[in-house]
Amino acid sequence: MQILDASPSPLPSKPVWGTVLRHGLFCGLTLIIGAQILYRLGIYAVNLEGVVANALTIILIGSTLSYLAIKRQRDSMDGGFISSGKAILVSSGAILLGFWIQTIWNYLFINFIEPEYLELFKAQAVATWQNKVLPEDLDILLATLDSMKNYPNILVNSLSLETPIGLLAAVVVSLFMVRRAL
């Protein structure tokens, strides 16, 4: 008995992991470069301007790398067609790998490369919030910043604050990049 509704794909689908790995590495490197540019400009995520600059950097990098990853998978690997599920898998995988790489970099940067970074960050936080919040709240903020020397705290911070913004950008780009075979 023959199945009538099964139509063959124009080209066999290729695995996505090469694309995810390649663009995840690119994403990690560009996130590190973006964070370093913000740091060198003295833009810290302790006030509205710093948070907006950080979020816009993440959205720009996340959407650009998602676009490039999906385009490569779709056009070079899958014959010009990609499903929405595969597009989301490729872009989200690249973004998650990129943020994991950036998290490792942040740990190395804070603890070994530039240990005075947290002191600069704390000084900016005190200058921004000293007269605007209760002293107890400022102490909690400073204690939280001190805990950022531990890798699990850096990972939780990245997963709860930065990664969702990048994943949202990846999903939005994925939905625009879908091209199905007829």
Point to revise | In region 61-115, the residues that are crowded, with 18+ Cβ neighbours inside 10 Å and of a type in the set (Val, Ile, Thr) | key: Ile61, Ile70, Ile82, Ile88, Val90, Ile95, Ile101, Thr103, Ile110
Check your understanding: Would you call Leu31 at pLDDT 95 or above, touching a helix residue (DSSP H, G or I) at 6+ places or on another chain (Cβ under 6 Å) and part of a helix (DSSP H, G or I)?
Key -> yes
Review point. Only one of these conditions is not met by Tyr117: (1) farther than 16 Å from Val172 by Cβ; (2) free of Cβ contacts under 8 Å to residues at least 60 places away in the same chain; (3) not aliphatic (A, V, I, L, M). Which number is it?
Key: (2)
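Looking at Ile59, Ile110, Ile43, can you tell me which residue is modelled with pLDDT of 95 or more and within 22 Å of the chain's Cα centre (by Cα)?
Working: Ile110 fails: modelled with pLDDT of 95 or more; Ile43 fails: modelled with pLDDT of 95 or more.
Every option except Ile59 fails the conditions.
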Study note, to complete from the structure: Checked region 133-182 for anything over 19 Å from Asn47 (Cα atoms), of a type in the set (Ser, Thr, Tyr) and buried (at least 16 other Cβ atoms within 10 Å of the Cβ); matches are Thr163, Ser174
Revision key, fill the gap. If you go through Val156, Val133, Val126, Val173, the only one that is assigned to a loop (DSSP other than H, G, I, E, B) and of a type in the set (Val, Ile, Thr) is Val133
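The values are calculated or read from the model by the stated rules, or taken from the named source; none is laboratory data. Computed from a prediction, not measured in an experiment: that's the story for all the values here. Virtual Cβ from ideal backbone geometry, glycine too; neighbours counted across all protein chains shown.
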